[in-house]
Structure formats: C-alpha cells, structure tokens
Amino acid sequence: MLAEMTTCLRDRGREEYVARLLRELGVEVVLELEEVDPQFEAAASLCRVLGLDGAVATYLVAVATYQLKCSGEVFWSRFSEYMRRVVPDKVVEGVVGFILGDECSSIQRQVKVGRVLKLSRYIGDVRYFISSCNFLELWKLTYRALNADANSKTVVFAVKMGYYGARALNICGGPLPSEIPIPLDRRVARATLNLGLLTVGSPEDVMRCRDVVLESWRDIGRSSGIPPIHIDLLLWALQNPNTLAKALRRVGRREEVLKALLKLVKQYGNTEDSSEEVH
C-alpha cells in the first residue's frame, strides 16, 4: 500500500498549468468542439429519426460499449444506421436486437444484454431525466441500477451519450454537472501521463492510480471551469490531429482557440506535426 501511495503522486504545478490553459480555452468552445465528435454525430443522426427515443437508445447501448471487436467510431456508425433502418416500436428491444446481432458486440454479448435489461426497468426515469436535463440523477440511477462503481467508465460514458442525444434534440445546451467524473480509460491515462500530472512511468501505472487520477482531473475541472467529463473530448481531439483540425474549421473559431490548443498539444511531444495538421 505504501509503495502504491508513493507511486501515485500528483504534480500540483502541472495541474495548475493545464487548468490555466483550459481556462483560456473556455467551456463554451469545448462544447462547440463536442458537436464534431463522431459519437455526437451518430447520436444526432439517430435523434433526427427517433427523437427522444434516439437519446434513450444511445444511453442504453453505451453501457455495452466495452470489449468491442471494432473501433468506437465503427460501432456508433453501425448502431445509428441499424436503429434508423429498423425504427423499433420499443427502444429497448431495438438496442437488444442490435447487440445480439452485431459482430462488434460478440464478446460477452449476453452480459451486455443483461446490463441493458437492468436499466430497462427504469426506462420511465431514464426518459424523464434525459428530457429534463437532470444528468446528475441519471448518473446516480445508472450506477445504482447496474450495481456498479460510480466512476466506472461505461457508467459515465452512458450519461455522456444520453446528454449528447439531448443536446442534439436542443433539449439541453449547457455543460454537465462537475460531480460526474472523466471516463478513465487508457487514452485518458496516456494523456494524464504525457501531461505530467502524475509522477509515474506508464499508462498502466496511471490506471492503478485511478482514484488519484480522477481527483486530479476533478480539481483541474474545478479550477478551469470545465467539468471533467467535457475535458475528455478535448483529450481525445488532441490525440487525433486530423479531427482536431476538422473541429477547428467546423466551429469557426480557429484563431481564438489555436494558441491554447497548441500549448496543450506540445505536452504530447508532437508539436511540429500537430501544428501542421491544425494549420
């Protein structure tokens, strides 16, 4: 235990530096960038056909987005296309039908279906929380219904996808509550390591320091004014220069955000390549 505590040391100076850069960027710009997230685009295309059922469907299937046999982008594209084509009378049956039939979800398929069915018992509450933008309560309902860790990546991700659906329907516009954590996976672990927020040697070490990492990002979110769950999108974009360049063009605020974004990109050791991509 002592060795683990010694390993999981936060660099407060680096945290303050990252928080300052994010504060310069601002939460409104990050919210705009989310609209070019491929996952947001998939949710939006589904909601255009199914309305609120589309937002509920994206939330439900998100709890099954682990151990996929395809990329996340492919999974969401296939799910959106399937649901728009089938247009199920009952959204739960549509989600379960997709999981049972799609090759991306073949690993632990029945376990994934079981998670969806557990949440289906509270489908009325799910619809109400999404339609009323009460995502703090949706988060609590999710981890309690699944008997899961509140900080579980799939729990947090499901809430984010329900929020994306609500955003696409113009039900909600503001940021998510700061209490909801960043969905910690290897990508976020790698970003945490590269930004120097923890004095550890590898992404695996970061994952073993999960509680410390979540607290670090929670404090950065509080200081920057950007809730941790929204910082997730920015970390993803910074590791995908082509997508970052596309995002900057789409939101139409390239000059405003360029300086702060490039400062963050430098932390990944890809300054020259990333600059070329953005410009």
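The values are calculated or read from the model by the stated rules, or taken from the named source; none is laboratory data. In this text, all values refer to a predicted model and were calculated from it rather than measured experimentally. Please note: Cβ atoms are built from the backbone with ideal geometry, for glycine as well, and neighbour counts cover all protein chains shown.
Tabulated values for the structure
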| read-out | value |
| --- | --- |
| Among residues of region 68-104, those that are among the polar types (S, T, N, Q) and either surrounded by 13 or more Cβ atoms within 10 Å (Cβ to Cβ) or not assigned by TED's automatic domain parsing to the domain that holds TYR143 (or both), counted | 2 |
| Residues that are surrounded by fewer than 19 Cβ atoms within 10 Å (Cβ to Cβ) and in a helix (DSSP H, G or I), drawn from region 190-200 | ARG190, ASN194 |
| Subset of region 56-104 [under 16 Å from the mean Cα position of the chain (by Cα) and of a type in the set (D, E, K, R)] | GLU73 |
| Those residues of region 214-226 which are surrounded by 22 or more Cβ atoms within 10 Å (Cβ to Cβ) and under 16 Å from the mean Cα position of the chain (by Cα), in sequence order | TRP217, GLY221, ILE226 |
| Checking VAL159 against (1) in a helix (DSSP H, G or I); (2) out of contact with any Leu (no Cβ under 6 Å at 6 or more places or on another chain); (3) farther than 24 Å from GLY13 by Cα, the condition it does not meet | (2) |
| Options LEU244, LEU214: the member that is assigned to a helix (DSSP H, G or I) and farther than 17 Å from ALA150 by Cα | LEU244 |
| Residue that is surrounded by fewer than 14 Cβ atoms within 10 Å (Cβ to Cβ) and either in contact (Cβ under 8 Å) with a residue 40 or more places away in the chain or charged (D, E, K, R) (or both), where the choices are ARG127, ARG144 | ARG144 |
| Residues of region 201-211 classified as surrounded by 19 or more Cβ atoms within 10 Å (Cβ to Cβ) and either out of contact with any Leu (no Cβ under 7 Å at 6 or more places or on another chain) or without any contact (Cβ under 8 Å) to a residue 24 or more places away in the chain (or both), total | 1 |
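So that you can scan it fast, the table gives a plain yes or no per residue for (1) among the aliphatic types (A, V, I, L, M); (2) modelled with pLDDT of 65 or more; (3) buried (at least 17 other Cβ atoms within 10 Å of the Cβ):
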site	(1), (2), (3)
PRO228	no, yes, yes
ILE231	yes, yes, yes
LEU238	yes, yes, yes
ARG253	no, no, no
VAL257	yes, no, yes
GLY269	no, no, no
GLU272	no, no, no
